[in-house]
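Peer 1: Take this structure first; my questions come after.
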Amino acid sequence: MSLTVVILAAGQGTRMKSELAKVLHPLAGQPLVMYGLQTASEITGELPVLVIGHGGDEVREAVGDAARYVEQAEQLGTGHAVGQCRTLLEGQSDLIIVCYADMPLLRASTLQALAEAQRAHHGPFTMLTVESEKPRGFGRIVRGEDGALRAIVEEAVASEEQLRIREVNLGVYCFDAAWLWANLDRIPLSPKGEYYLTDMAGLAVGDGDSVKTLALDDPGEALGINTRVHLSEAEAVLRRRINEKWMLAGVTLVDPATTYIDAAATLGPDTVVLPNTHIWGQTTIGRDCRIGPNSILRDSTVGDRCEIEASVVEEAALESDVDVGPFAHLRRGAYLESGVHMGNFGEVKNARLRQGVKMGHFSYIGDADIGEEVNIGAGTITCNYDGVRKNKTTIGAGTFIGSDTLLVAPLTLGRNARTGAGAVVTKDVPDDSLAVGMPARIRKLSPPKDQDA
């Protein structure tokens, strides 16, 4: 039986008290709507249908081509929202799962089990329920003496006895598609002027049909996000899942409680992550690295056997066997080849440090290409901005840059050149030459004397 997932994301989410659409609030590094979309694609192998309304343009921009879109121009309830999908989906699938974009913790295995339960069921649909001490406004499951579902009663109209029922409806259903489209128009108009999908249960039972329920094993999956308190609770659950996944994959997290890894990040085995480390966005870390403590990595690539201590790395790339920090800052476009050492209080921006470069401390390298085995002395600065444009500095292999050198770009230093401490270099320096003074004077280096002479 073919399966399609419809995800409802048209609500305004007023309890978030935000100008941002609720489903776009970030959760472990990506909009919370993306979790439902990824889960749906995983179990069906096709693009899910996303019903949008409030903030629809922003949702489309954020989600891109990860969904097929249906617009609910008027928010007239969940039944009305599903009805907007009829033109797109009628006759296309045997089963339709309906769920909510603000339930990001539902696992693919749970939705797969829901679909399998409906495939084995002769009734019109199967729905998820959970036993909860915190009903969070969900409707109560009312059963008959035979244990069969008789009704779903919304909390706002439930009696005192019904409010004591702990089994609640999560609003996640797997419908026989033909039955859904044939009966959707029978949903009565509520006193609030809306059409609720929960009323489908009453229609089915009234017709003598069976509605099957599937209980969640993990109540944590039932968390729906309506407030920023709920958002923080979901973040904690998701962060624990992510950390456990990487520890089971061979990564050591010294203190998982203070380790923050976004959902899209990847880490290699035998890497050690020390406390208070944040790994954000599309960051990739190789094998046998040591990251932290007190480090932030964002949208960066780190090779094998690297060490990053108490530093910030953002939109940068490190090849293998690179060590950085403490208190270093790699900014956008920084690229450190294998064997580079970057010490404390250094900063690199839009520059390539080639193999074996040593940049000890208190230096700034921006818009530069630094050759192999260059030594950059403490306090070196590439003066790359002239007030109008950024200018490039190129340094040849084997060059030695003395402490407190100012390199006024655009500038090229040849291979095996040298600068004296405190030099202000404003002119290109040829190969095997020395620049000293302020402004620097260029002198040809004498060849080294034969020590046996």
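Every read-out reported here was derived from the displayed coordinates using simple, explicitly stated rules and does not represent laboratory data. Since this is a predicted model, take the numbers as computed values, not measurements. Cβ coordinates were reconstructed from backbone atoms using ideal geometry, including for glycine residues, and neighbour counts include every protein chain displayed.
Peer 1: Label points 7 Å out from Cα along the Cβ direction at E155 and S2: separation in nm?
Peer 2: 3.8
Peer 1: Now a separate question. By the gyration tensor of its Cα atoms, with a ≥ b ≥ c the square roots of the eigenvalues, what is the shape of the range 3-222: rounded for a/c under 1.5, prolate for a/b over b/c, or oblate? Let's see the in-between values first.
Peer 2: Values: a/c = 1.44, a/b = 1.29, b/c = 1.11.
Note, shape of the range 3-222 comes out rounded.
Peer 1: Quick check on packing: order 318-325, 236-243, 383-390, 255-262 by the mean number of other C-beta atoms within 10 Å, highest mean leading.
Peer 2: 318-325, 255-262, 236-243, 383-390
Peer 1: Could you please report the charge total around H361, scoring K, R as +1 and D, E as -1 over all other residues with beta-carbon less than 14 angstrom from its beta-carbon? Before the final figure, lay out the partial values.
Peer 2: Details: positive: K358; negative: E309, D323, E347, D404.
Overall, the nearby charge balance is -3.
Peer 1: Go ahead and run the numbers for FRET between R415 and N276, Cβ-Cβ distance against an R0 of 51 Å, rounding to 0.05.
Peer 2: Details: r = 42 Å, r/R0 = 0.83.
It comes to 0.75.
Peer 1: OK, next. Net charge within 14 Å of Q162 by Cβ-Cβ distance, Lys/Arg positive one each and Asp/Glu negative one each, not counting Q162 itself? Walk me through the intermediate numbers first.
Peer 2: Details: positive: R140, R143, R150, R164, R166; negative: E154, E155, E160, E161, E167.
Here the count lands on 0.
Peer 1: Which listed residue (A201, L406, L231) has the Cα farthest towards the positive end of the charge dipole for the chain, taking +1 on Lys and Arg C-beta and -1 on Asp and Glu C-beta about the Cα centre?
Peer 2: The listed residue farthest towards the positive side: L406.
Peer 1: Add -39500 (n - 2.57) for each DSSP H run of 4 or more in the chain, then divide by its residues: what number comes out at 222 nm, to the nearest 500 deg cm²/dmol?
Peer 2: Calculated at 222 nm, the ellipticity per residue is -5000 deg cm²/dmol.
Peer 1: Averaging sequence separations of C-alpha pairs under 8 Å and six or more residues apart, then dividing by the length of the range 3-222, give the relative contact order as a whole percent. Don't skip to the answer; put the middle values down first.
Peer 2: Numbers: 416 pairs, mean separation 52.0, N = 220.
Relative CO of the range 3-222 lands at 24 percent.
Peer 1: Which of the trypsin sites (Lys or Arg not before Pro) found in the range 1-67 are loop residues per DSSP with 16 or fewer other Cβ atoms within 10 Å of their Cβ?
Peer 2: Numbers: sites: R15, K17, K22, R60; in loops: K17.
Qualifying residues, ordered by number: K17.
Peer 1: May I pose another question? Just tell me which lysines come within less than 24 Å, Cα to Cα, of K192; anything on the same chain fewer than 8 places away is out.
Peer 2: Hits, sequence-local ones excluded: K17, K22.
Peer 1: How charged is the neighbourhood of T110? Take every other residue with its Cβ under 14 Å from the Cβ of T110, and add Lys/Arg as +1 and Asp/Glu as -1.
Peer 2: Local net charge: -3.
Peer 1: Output ³J(HN,Hα) for the range 130-142: one whole-Hz value per residue in order, computed from phi by the Karplus curve 6.51 cos²θ - 1.76 cosθ + 1.60 with θ = phi - 60°, and x for Gly and Pro.
Peer 2: With coefficients 6.51, -1.76 and 1.60, one gets 8, 8, 9, 7, 10, x, 6, x, 5, x, 8, 8, 9 Hz.
Peer 1: Shape of the range 1-40 from its Cα gyration tensor (a ≥ b ≥ c, root eigenvalues): rounded if a/c is under 1.5, otherwise prolate when a/b > b/c, or oblate?
Peer 2: Here the range 1-40 falls in the oblate category.
Peer 1: Then there's this: Beta carbons within 10 angstrom, averaged per residue: use that to sort the peptides 293-301, 145-153, highest first. Spell out each step's value before the answer.
Peer 2: Details: 293-301: 20.7, 145-153: 14.6.
Ranked by mean Cβ neighbours within 10 Å, highest first: 293-301, 145-153.
Peer 1: Please give the Cα centre distance for the range 215-274 versus the range 285-359, rounded to the nearest Å.
Peer 2: Result: 25 Å between the Cα centres.
Peer 1: Gap in Å between the Cα centre of the range 1-41 and the Cα centre of the range 129-173?
Peer 2: Each part's Cα centre sits 24 Å from the other's.
Peer 1: Also, I was wondering about something else. Apply the Karplus curve 6.51 cos²θ - 1.76 cosθ + 1.60, θ = phi - 60°, to the phi angles in the range 104-112 and return the couplings in whole Hz, x for Gly and Pro.
Peer 2: Once rounded to whole Hz, the list reads x, 9, 5, 8, 4, 4, 5, 5, 5.
Peer 1: Return the distance in nm (one decimal) between the two label points of a simple spin-label model at I381 and D185, each offset 7 Å from Cα along Cα→Cβ.
Peer 2: Computed distance between label sites I381 and D185 equals 7.6 nm.
Peer 1: For the chain, what is the percent of antiparallel DSSP beta bridges, rounded to the nearest 5? It would help to have the intermediate numbers written out before the result.
Peer 2: Values: 23 of 105 bridges.
Antiparallel bridges make up about 20 percent of those DSSP assigns within the chain.
Peer 1: Once you charge only the Cβ atoms, +1 for Lys and Arg and -1 for Asp and Glu, what is the size of the charge dipole of the chain about its Cα centre, to the nearest 20 debye? Please list the in-between numbers first.
Peer 2: Working: 43 positive and 60 negative charges, 290 e Å.
The dipole of the chain has a size of about 1400 debye.
Peer 1: Still on this structure, I have one more. When the C-alpha atoms of the chain are aligned to their principal axes, what extent does each axis show, in angstrom, from largest down?
Peer 2: Computed over the Cα atoms, the extents are 108, 42, 39 Å.
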